[in-house]
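Read the structure below first, then the notes.
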Amino acid sequence: MKKLNLYLLLVFAVAFSSCEDLSTDVGVQYAENPTSADLANYVAAETFYLNFYNTINSYNGPGLALTTMADTGSCSWGNSGMRDTSSEPRVAWNNDPTYGSGYITTNFFNSLYNNINDINALMSKIVTEGDDPADPSPRRTESVTRFAQAATLGYVALVFDQVWLKDETGALNDAQSVSPDVALEWSLGKIDQAIALADANSFTVTGDFVNGSTLSSSQWSQFLNSFAARLMVNMPRNASQKAALDWGRVLAYANNGLTQDFGVISDNWTNWGNEWVIYQIYPGWGRVDSRVINLMDPASPDYYTNAGGNNPPASSSDSRLVSDFQYLASQDFIASRGIYHYSNYRYSRYDAGYHQSSWTGLMPELLKAENDMYKAEAQMRLGDLAGAAATINAGSRTTRGGLANVAVDAASIADAIHYERSIELMNTGMGLAFFEMRGRDDLQAGTPLHFPVPGEVLLSGGFDIYTFGGSTGTAGEDYSISGWR
């Protein structure tokens, strides 16, 4: 994988009495910072999705840890914080800069803020000078760049408790941090601008933007709408916040969302590669948590207690148990680290596109099924149970799973949505499993509901380190107090 040479410079204006009052001017520079000439045209925007994609899907980011924290993937290896964040009982995240796995938040945070600096530089040029006359598709550069703004700081908001907003006008909110829900509204505003540009113009987003994909402006608009729905539905920290979402707005985005899967073609792990999924599915690394297998076969235990190390194969009327999962009759993990990490299943659905093709295959990133579930949940929460059931029954539940139609009642529909997100969307968008469990109050008690600003960043500004998890933070807002168990 081509590694980006990134660093973060933070200039803090001291005006605080606690971390929540942290006042900053996040001044970010990129080690390969472009000149004005470099930002002259559409070509500069071609790297924005690549940089975003590689940041959120990096092995050095939170993807692997979030999957194990959600009890969707299971792994007791110490890499990328997986063991520490998924061991039981859950404990607070170690936010000390000397912590060996602290890079999963530090690199993620720093890289996203490095990206936003270059994005905003190009956006400023577009606003000041207008469309580049050499651009063969006017307005696509602005649409792509507005999306990049929304996605970059939107993902800071999904993962961290504080966000510093900045766009082409400079630092916003007097350079003070905002909450994730405020950052969400800002991100949706940017993505709405990107959608309006796509809807009002005719252009092509080529494979130079998204490797292996060529999208018309209408297809790009569909992706943008689905991405906006993703940000909205996955932002809440608990079930109460999720219930309070503007579900009419979610439905509007989903109704205009993807009608086909959106993915990226890997290029032999040179520039494009979904690292956290590669390690989550590679033999000897991550496995599928027993909780997920139990969803497909309630007779199979949802929690591993067999000290002998092998549970029998599960059985299910869902055909995806056979097509997407591989039974293994042995364990790789170390018993002394907790046999609850054990699993007899690994995820095999994407083997052909990943390691079996030397990392040159299609890597799903936002499936049509993901958009379908946003639509179904919005319909359900708005009282259209028949519509929600119809959406579910026309999708992956029946087309890939071969399952019977879901009944037209709220409890069955809610269960079916959670089921499809757990089974069909496994190992697609980074953090989806964690965000789904977080929004249902299903994360194990003590699990952090978001990460703190990385300790290295805090110390560089002269601020005290804080953290969440275990019993640290505000119960139900910073760490889970209930959980599926």
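What's the extension gain from THR399 to ALA243 if we count 0.36 nm per residue and subtract their Cα-Cα distance?
Gain on extension, THR399 to ALA243, equals 53.3 nm.
Have a look at the DSSP beta bridges in the chain and tell me what percent are antiparallel, nearest 5.
In the chain, DSSP labels about 90 percent of beta bridges as antiparallel.
Report the full-extension gain for the segment ALA386 to ILE334: residue separation times 0.36 nm, less the Cα-Cα distance, to one decimal in nm.
Full-extension gain reported as 13.9 nm.
Identify, among TRP484, LEU328, LEU382, the residue whose Cα sits farthest towards the positive end of the charge dipole of the chain, taking +1 on the Cβ of Lys and Arg and -1 on the Cβ of Asp and Glu, with the dipole about the Cα centre.
After comparing all options, I get LEU328.
In the chain, how many lysine pairs have Cα atoms under 20 Å apart, counting only pairs 8 or more places apart or on different chains?
Final tally of qualifying lysine pairs is 4.
Using r as the Cβ-Cβ distance of ASP208 and GLN260, and R0 as 25 Å, what FRET efficiency do you calculate, to the nearest 0.05?
Calculated transfer efficiency: 0.80.
For the pair ASP415/SER124, report the inter-label distance in nm, with labels modelled 7 Å from Cα in the Cβ direction.
Inter-label distance under the simple model: 5.6 nm.
Amide H to amide H under 5 Å from GLY73: which residues, 5+ apart in sequence or cross-chain, H placed 1.01 Å off N in plane?
Amide H neighbours of GLY73, under 5 Å, 5+ apart: THR68, ASP289.
Arrange the following residues from fewest to most other Cβ atoms within 10 Å of their Cβ: HIS450, HIS355.
Values: HIS450 21, HIS355 15.
Going from least to most buried by this count: HIS355, HIS450.
Tell me which label goes with the value of mean projected area of the Cα convex hull in nm² computed from the coordinates here: [x] 24.8; [y] 22.7; [z] 21.3.
Among [x] 24.8; [y] 22.7; [z] 21.3, the one calculated here is [z].
Can you put PHE48, PHE227 in order, fewest other beta carbons within 10 Å first?
The fewest-first ordering by Cβ neighbours comes to PHE48, PHE227.
To the nearest 0.05, what FRET efficiency results for ASP174 and ARG485 with a Förster distance of 51 Å applied to their C-beta separation?
With a Förster radius of 51 Å, E is 0.75.
Where in the stretch 350-378 is the amide nitrogen less than 19 Å from a point lying 7 Å along the Cα-to-Cβ axis of SER323?
350-354, 362-373
Which value in nm describes the separation of the simple spin-label points at ALA299 and SER216, placed 7 Å from the Cα toward the beta carbon?
5.0 nm
About the Cα centre, and with charges only on the beta carbon of Lys, Arg (+1) and Asp, Glu (-1), how big is the dipole of the stretch 368-423? Nearest 20 debye, please.
Roughly 160 debye, rounded to the nearest 20.
Going by a ≥ b ≥ c, the root eigenvalues of the Cα gyration tensor, does the stretch 350-485 fall in the rounded group (a/c under 1.5), the prolate group (a/b larger than b/c) or the oblate group? Write down the numbers at each step before the final one.
Details: a/c = 2.78, a/b = 1.45, b/c = 1.92.
In terms of gyration-tensor shape, oblate.
Only the coordinates and a few stated rules stand behind these numbers; no lab work does. Please read these numbers as outputs of a predicted model, since none were measured by experiment. Cβ coordinates were reconstructed from backbone atoms using ideal geometry, including for glycine residues, and neighbour counts include every protein chain displayed.
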